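Remarks on the structure that follows.
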Amino acid sequence: MAKCQIWFSFAALALILSAAVADDVVVLTEDNFEKEVGQDRGALVEFYAPWCGHCKKLAPEYEKLGNSFKKAKSVLIGKVDCDEHKGVCSKYGVSGYPTIQWFPKESLEPKKYEGQRTAEALAEFVNSEAGTNVKIASIPSSVVVLSPDNFNEIVLDANKDVLVEYYAPWCGHCKTLAPIYEKVGTAFKLEDGVVIANLDADKYRDLAGKYGISGFPTLKFFPKDNKDGEDYDGGRDVDDFVNFINLKSGTNRDSKGQLTVNAGLVASLESLVKEFIAASNGEKKNVVAKMEEEAGKLSGSDARHGKIYVKSAKKCLEKGDGYAKSEIERIQRILDKSVSPAKADQFTLKRNILSSFVQSSS
């Protein structure tokens, strides 16, 4: 994994990552540029190259801008990868990166932006051009900020799996990683046993040195059973981090923080579900009793999930074979609406476990 060398030497920066494309920034291409730009809304467009250091530095600010303007129907915040779409960039006179241009409503005659490359300055420019009054949104971070005051309390907690990024504010690679790492923090913010954290290792050199940090960014994983820490040498995409945490911590999250279809499933109870489905109506009560006994042996999150298994089995016994399928359909209708992340977790766990009853009967 590429790093910025600290304190005593500086290595040449490798060409490592494409500029991050934010969820709230419209990706423009040869095919869709004139379908999106020059229409019934003004558009601010960043023309960038994936290898460009200034573009990487701009990425988190531009993402913040996109997030703040995502509800402004009269403004589009977009970006074009000039390595992939040279024709578009050439057409609009782009000769350096990043180039930022404003396209007024119903116009393909751009005005070049020459101001500071901060979210606040860009927002002021867009507001002036578009007649909007959008403020840069303050987005609470899901990454825990570490210092000597809280490091041991958080990282060395035997009840937590903790991923720590050691970074420096001036490090280009760290700036590129920042929006990605924030998404990882968001993905696991509802997991009580997982912490995504970072430490300014340039500011707290003694603490970083204690763990042998010699480059930025360095990532170390501190599982519940090994507080000496393990080096993280995986990829730097959101999915890479999420897959790593899921494997190490036994969690079941996707890159958006939603529970996967395997969340909540308990192997020992899954076998009893199959036995429950195959049993006659007279025998099902005995299987439920066995399920209650097995669930009583579980601990932690499995114990909570075990209660859902038992309740689901009792409902199936009471209401018949069609209960699981109809309840899943009801839950899915709820999930299709706007519900809080915590509520979505509750309903998803129940849906997943009920699905075992339906699948086992097929």
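Which residue pairs have Cβ atoms closer than 8 Å, lie 6 or more positions apart in sequence or on different chains, and pair a first residue in the range 35-46 that is in the same structural domain as residue 118 (by the TED database) and under 11 Å from residue 111 (Cα atoms) with a second residue that is among the polar types (S, T, N, Q) and crowded, with 17+ Cβ neighbours inside 10 Å?
44/101; 45/101
Looking only at the range 143-189, count how many residues are among the hydrophobic types (A, V, I, L, M, F, W, C), at pLDDT 95 or above and open to solvent by 10 Å² or more (accessible area, probe 1.4 Å).
Going through the range 143-189 one residue at a time, the tally reaches 6.
How many of the residues in the range 285-337 are open to solvent by 90 Å² or more (accessible area, probe 1.4 Å) and either under 14 Å from residue 349 (Cβ atoms) or in contact with a strand residue (DSSP E or B) (Cβ under 9 Å, 6 or more places away or on another chain) (or both)?
3
May I ask you to verify whether residue 274 is modelled with pLDDT under 95, under 25 Å from residue 160 (Cα atoms) and open to solvent by 60 Å² or more (accessible area, probe 1.4 Å)? Explain how you work it out, then say what you get.
Details: modelled with pLDDT under 95: yes; under 25 Å from residue 160 (Cα atoms): no; open to solvent by 60 Å² or more (accessible area, probe 1.4 Å): yes.
No: the conditions fail for residue 274.
Right, residue 28: among the aliphatic types (A, V, I, L, M), modelled with pLDDT of 95 or more and open to solvent by 30 Å² or more (accessible area, probe 1.4 Å) or not?
On the way: among the aliphatic types (A, V, I, L, M): yes; modelled with pLDDT of 95 or more: yes; open to solvent by 30 Å² or more (accessible area, probe 1.4 Å): no.
Criteria not met by residue 28.
Looking at the structure I just gave you, is residue 157 outside the structural domain of residue 121 (by the TED database) and out of contact with any helix residue (DSSP H, G or I) (no Cβ under 9 Å at 6 or more places or on another chain)? Steps first, answer last, please.
On the way: outside the structural domain of residue 121 (by the TED database): yes; out of contact with any helix residue (DSSP H, G or I) (no Cβ under 9 Å at 6 or more places or on another chain): yes.
Judged against the criteria, residue 157 is a match.
Restrict the check to the range 130-143 and report whether at least one residue is within 30 Å of residue 226 (Cα to Cα) and touching a strand residue (DSSP E or B) at 6+ places or on another chain (Cβ under 8 Å).
Scanning the range 130-143, I find at least one residue that is within 30 Å of residue 226 (Cα to Cα) and touching a strand residue (DSSP E or B) at 6+ places or on another chain (Cβ under 8 Å), so the answer is yes.
Only one of 73, 57, 64 is open to solvent by 40 Å² or more (accessible area, probe 1.4 Å), at pLDDT below 95, under 19 Å from residue 40 (Cβ atoms) and not aromatic (Phe, Trp, Tyr). Can you tell me which? Give the steps one after another, and end with the answer.
On the way: 57 fails: under 19 Å from residue 40 (Cβ atoms); 64 fails: under 19 Å from residue 40 (Cβ atoms).
Going through 73, 57, 64 in turn, just one is open to solvent by 40 Å² or more (accessible area, probe 1.4 Å), at pLDDT below 95, under 19 Å from residue 40 (Cβ atoms) and not aromatic (Phe, Trp, Tyr): 73.
Any residue in the range 119-127 that is open to solvent by 40 Å² or more (accessible area, probe 1.4 Å), of a type outside the set (Lys, Arg) and more than 19 Å from residue 25 (Cβ to Cβ)?
no
Can you name every residue in the range 297-351 that is aliphatic (A, V, I, L, M) and within 28 Å of the chain's Cα centre (by Cα)? Show your work before the answer.
To start, the set of residues in the range 297-351 that are aliphatic (A, V, I, L, M) comprises 298, 303, 308, 310, 313, 317, 324, 328, 331, 334-335, 339, 342, 344, 349.
Answer for the range 297-351, where residues must be aliphatic (A, V, I, L, M) and within 28 Å of the chain's Cα centre (by Cα): 303, 308, 328, 331, 334, 335, 339, 342, 344, 349.
Exactly one condition in (1) in contact (Cβ under 8 Å) with a residue 60 or more places away in the chain; (2) crowded, with 19+ Cβ neighbours inside 10 Å is false for residue 198; which is it?
(1)
Do we find a residue being over 28 Å from residue 188 (Cβ atoms) and not in a helix (DSSP H, G or I) anywhere in the range 288-304?
no
So, residue 192, is that one closer than 29 Å to residue 350 by Cβ, open to solvent by 40 Å² or more (accessible area, probe 1.4 Å), modelled with pLDDT of 95 or more and under 21 Å from the mean Cα position of the chain (by Cα) or not? Working first, answer last.
On the way: closer than 29 Å to residue 350 by Cβ: yes; open to solvent by 40 Å² or more (accessible area, probe 1.4 Å): yes; modelled with pLDDT of 95 or more: no; under 21 Å from the mean Cα position of the chain (by Cα): yes.
In short, no.
The values are calculated or read from the model by the stated rules, or taken from the named source; none is laboratory data. Values in this document were obtained by computation on a predicted structure and should not be read as measured data. Heads up, the Cβs are rebuilt from the backbone with ideal geometry, glycines too, and the neighbour counts pull from every protein chain shown. Only protein heavy atoms, including side chains, enter the accessible area calculation; ligands, DNA and RNA are left aside. Shrake-Rupley method; radii C 1.70, N 1.55, O 1.52, S 1.80 Å.
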